[in-house]
Structures are given as structure tokens and as C-alpha cells.
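First comes the structure, then the notes that go with it.
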Amino acid sequence: MENAAKGAESVVRRWLAYALESMVVHEQELGRLDAVAGDGDHGATMVRGLRAAHTAAKEANGSAGDLLVAAGAAFADAGGGASGALLGALITTVGRALSDGPYNLTTTTTALQAGLATVTRLGKAQPGDKTLIDALQPFVDALAGQPADTPLIVAWRTALPAAEAGVAATQTMVAKRGRAAKLGERSFGHPDPGAVSLTYLLQAMSTVWDENHPS
């Protein structure tokens, strides 16, 4: 049991490391997407927030859930703005719900459902409003639709295409929330940067598991 817990803590730290690396690579892309109908700082926000979150998780003690709570708080403080607050709240909520485990498909799905509810409440957004929810909701639904005894790694890989499809769908949406809503028509034809970055976070977790459990 102790080794499993330590393994979960390692997964969290490695996830944040991979997520940071991915966001650095995609920072300019996310900035360009955000500049279509926003201020163009989404990529910088994600890099800044994840750098702080990664440091916080490395320095924190406790369970994997505790590490996520620390990372989420650090992300919100460093990221700033609406994106920093929402993603920080998402990570923190998931961490609190996971607590000290067990870390399986059922508990992870429940934690992500709680995180989705938090983001929906704070952002006052729904599916179709062209936000990160349009990637997160289908991913969570895809996890929830799998048998409870499915290994989490398998379920996560299986659910990723749903998030990616959600990102693609945002190209035909007009932004209705956030700063982009003021220039909503300009956002048509482009994916939502928040949905894109959220999917990069989900992909980073899959990368961590692929290290030790290649398909």
C-alpha cells in the first residue's frame, strides 16, 4: 500500500513536469489562438502557472491528493487571470477529492467530475460556450462510461480521443464566456485555447503512464 501511494505521488510530479514541457513547446501556439479574440497571453499563463505548480509539488509532502492541492494553489497564484483561477481550482478540487486514494478509475472519475463542477460554477459556462469545458466534459463522460474494473491507464487512453474531438468541435463555436465573448464572431473557425491546453494536460498524464506501461 505504501509503495502504491509513493507511486501515485511520483505520477503527479512527473505529470506536472511533462505538462510544463508540453506547454513550453506550445506556448506560442496557444498565444496565437488566444490572440484571435483575446489578449494573447494564454500560453504564457499556462507556462507560468505550471512552472509554479511543478515547484510546489516537488516541495510538498503528503499524498498524491495533497500534492495536487498544493500544485493547484500555486498555479492559481502564479498563473493569474481567469485561466489561472479556473485551472488552479480544477487541480485543487481534484486533489481534495482524491485525497490519499485509492487511485483507480472510480475515484479518479469522481474527482474529475467534482473538478468539472467547480469549473462550471466558477466560470459560469456550459458545454457549447467554447471553453475548456468543451474538452473536459466529454473526457470525463468517456471515463464514466467505462466499466469500473477497467485499469485507469487503459480508461485514460480510451477517453483521450473524446477530449480531442471536443477541441475540434470548438472550431465551429462562437465564444460566449470570458474576454473572447466580446469578439465572439472572430473566434469562429479557431479552436478554443483553453480547451487545447486542457487536452495537452490530459495528454501529459498519458505520457507519464506510457513510460512504464507502453501499449
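The values are calculated or read from the model by the stated rules, or taken from the named source; none is laboratory data. Since the structure is predicted, the reported quantities are computational estimates derived from the model, not experimental observations. Because the Cβ atoms are built from the backbone with ideal geometry, glycine has one as well, and the counts that use them run over all protein chains shown.
Please tell me if residue 101 is in contact (Cβ under 8 Å) with a residue 60 or more places away in the chain and of a type in the set (Gly, Ala, Ser).
Criteria met by residue 101.
Given the structure, is residue 18 crowded, with 19+ Cβ neighbours inside 10 Å, in contact (Cβ under 8 Å) with a residue 40 or more places away in the chain and in a loop (DSSP other than H, G, I, E, B)?
In short, no.
Here's a check for you: in the stretch 27-48, which residue that is without any contact (Cβ under 8 Å) to a residue 24 or more places away in the chain and of a type in the set (A, V, I, L, M, F, W, C) is surrounded by the most Cβ atoms within 10 Å (Cβ to Cβ)?
For the stretch 27-48, the residue satisfying everything is 44.
Kindly indicate which of 70, 57, 53 is part of a helix (DSSP H, G or I), free of Cβ contacts under 8 Å to residues at least 60 places away in the same chain, surrounded by 20 or more Cβ atoms within 10 Å (Cβ to Cβ) and touching a Ser or Thr at 6+ places or on another chain (Cβ under 9 Å).
Details: 57 fails: touching a Ser or Thr at 6+ places or on another chain (Cβ under 9 Å); 53 fails: touching a Ser or Thr at 6+ places or on another chain (Cβ under 9 Å).
Matching residue, one of 70, 57, 53: 70.
Taking residue 53 and the conditions (1) at pLDDT 95 or above; (2) closer than 25 Å to residue 171 by Cβ, which numbered condition does it fall short on, given that it satisfies the others?
(2)
So residue 107 passes all but one of these: (1) in a helix (DSSP H, G or I); (2) within 21 Å of residue 156 (Cα to Cα); (3) touching a residue at least 12 places away in the same chain (Cβ under 8 Å). Which condition number does it fail?
Among (1) in a helix (DSSP H, G or I); (2) within 21 Å of residue 156 (Cα to Cα); (3) touching a residue at least 12 places away in the same chain (Cβ under 8 Å), residue 107 violates only (3).
If I filter the stretch 152-174 for residues that are part of a loop (DSSP other than H, G, I, E, B), at pLDDT below 95 and under 23 Å from residue 119 (Cβ atoms), do I get at least one hit?
yes
If a residue must be surrounded by fewer than 19 Cβ atoms within 10 Å (Cβ to Cβ) and in a loop (DSSP other than H, G, I, E, B), how many such residues does the stretch 73-104 contain?
Residues that pass the stated criteria total 6.
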